[in-house]
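Step one of this worksheet: look at the structure below.
The values are calculated or read from the model by the stated rules, or taken from the named source; none is laboratory data. From a predicted model like this one, the values you see are computed outputs, not experimental measurements. In this analysis, Cβ positions are derived from the backbone assuming ideal geometry, glycine residues included, and neighbour counts consider all displayed protein chains. These area figures cover heavy atoms from the full protein model, side chains too; ligands, DNA and RNA do not enter into them. Shrake-Rupley method; radii C 1.70, N 1.55, O 1.52, S 1.80 Å.
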Amino acid sequence: SVAAAWGSMAAGGLLRASRNLDWNQNTGINAFKLVTVYEPAEGEEERSYATFGFAGMVGALAGLSADGLAAGEAGVDVRNVTFRGFPWTLRMRHVLGSSGGTLDGAMRLWNATENTAGFFHLLGSAQDNEALALETMAGYTAQ
């Protein structure tokens, strides 16, 4: 599940965004939780960010950038999937590190790449003090 609140719905009016990872607790994966902090080398255009996931997983289930962009996802069962696109966990990392922390920057990167599967995504920007909910499937994003 993903959620966001801002304005009159949040303490101090500031954006609050969250990802509740409600996976089955009996899989054993809980023993391998991981917070990964990415700090690009000096001179690289990408910005620092942290991702939340599991050991052995490349990409992000959720994350937060140094620029104040929050990202999360929740699965949705759709049949319209493809391998021709940007894998969603890597796409989330790319948006966190390269959007500049704004929703316009995040959506510019998002729209420049293709969806591979169906998910609900949340993008929240502290700079913009608002969030966007996206529903995706191969070839389509609803905002």
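Rounded, prolate or oblate for the stretch 104-143? Axes are the square roots of the Cα gyration tensor eigenvalues, ordered a ≥ b ≥ c, and the cut-off for rounded is a/c under 1.5. Oblate shape, in that a/c is at least 1.5 and b/c is the bigger or equal ratio. Of all chymotrypsin sites (Phe, Trp or Tyr not before Pro) in the stretch 69-143, which ones are in loop regions per DSSP and have a Cβ with at most 15 other Cβ atoms within 10 Å? Hits after loop and neighbour filter: Phe83. The helix-only estimate of mean residue ellipticity at 222 nm for the chain, built from DSSP H runs of length n ≥ 4 each weighted as -39500 (n - 2.57), is -4000 deg cm²/dmol after division by the residue total. When the chain is treated as a GNM with alpha-carbon contacts under 10 Å, the residue of Ala71, Ala55, Ala117 showing the greatest mean-square fluctuation is Ala55. Surface composition of the stretch 5-45: carbon and sulfur make up 52 percent of the accessible area, probe 1.4 Å. With each label modelled as a point 7 angstrom along the Cα→C-beta vector, the Ala112-Asn24 pair spans 3.9 nm. For the chain, excluding the exposed loop sites themselves (trypsin sites (Lys or Arg not before Pro), DSSP loop, at most 15 other Cβ atoms within 10 Å), the longest remaining stretch covers 1-78.
Per residue, the stretch 2-133 exposes 58 Å² of solvent-accessible protein surface, assessed with a 1.4 angstrom probe and all protein chains in place. For the stretch 8-143, the normalised intensity computed at q = 0.20, 0.21 Å⁻¹ comes to -1.25, -1.34 (log10 of I(q)/I(0), Debye sum over alpha carbons, equal scatterers, no solvent).
Karplus-based coupling profile of the stretch 116-132, in residue order and whole Hz: 10, 8, x, 8, 9, 10, 10, 10, x, 10, 5, 5, 8, 6, 7, 9, 10, with θ = phi - 60° in 6.51 cos²θ - 1.76 cosθ + 1.60 and x standing for Gly or Pro.
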